[in-house]
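See structure below.
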Amino acid sequence: MRPPKYGDAGQAFPTYITVVAGLLFLAFAYLAVGQAAANRNGAQTAADAAALAAAQESRDQLAGDWLAVVGDPTKWQDILDGDTELVDGCWRAYELAAQNDADVQGCGRAEPLGYTVDVETNKSVGDSIVPGTEDKKSTASATAVIEPRCTFDLPGGDSDDGEGDGNDTLPLPQLTCGDTDWEPDPDDPITLPDPEDLFDVHLAA
């Protein structure tokens, strides 16, 4: 009888080890990619939330400014266009970034009306087979804009004729915001739109 051959099995074992090692390397590589992607997604989420928060802060201020002049419709358009003295809303960006475990690297006004925010994650990607990831942090940027939702037509009736006859007050026009028509009455809060009715806040495309 011919003795059993063990040579083939012995040669196959190193090949098996090499294949398993390669598969493990790929698995760890995919894990590293996943860690990096998750970290980048966290950075983008923080940037989006921070930019939206800053824009919403200014939107609320604009709505308050509109309420302050609701009795004078000649001033409405300036408010809707954002042509007013706005307090910087970036402090809200810092708050929202911190809540999403990130730090604001830059925040500023975006034209025509909005904010651009840059953030960096507080956490690094973490240890992986890719060198340098243990200290690598992700960054992201987002821009949120404020757009008026309302239109109106100033009445062509009484206007300020400068004669002080007591009939100089303009009647308040109808305000159309999206699909809703408002008949503003300064003495009736239910007739006054909310900030989200007056302005739309969204991320820039």
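The values are calculated or read from the model by the stated rules, or taken from the named source; none is laboratory data. Note that the structure is a prediction, hence the values are computed from the model and not measured. For neighbour counting, all protein chains shown are included, and Cβ atoms are generated from backbone atoms with ideal geometry for every residue, glycine included.
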inquiry  = Go through segment 82-109 and report how many residues are assigned to a loop (DSSP other than H, G, I, E, B), out of contact with any strand residue (DSSP E or B) (no Cβ under 7 Å at 6 or more places or on another chain) and not aliphatic (A, V, I, L, M).
reply    = 5
key: Selection from segment 165-199 of residues that are at pLDDT below 95, touching a Lys or Arg at 6+ places or on another chain (Cβ under 9 Å) and under 14 Å from residue 63 (Cα atoms)   = none
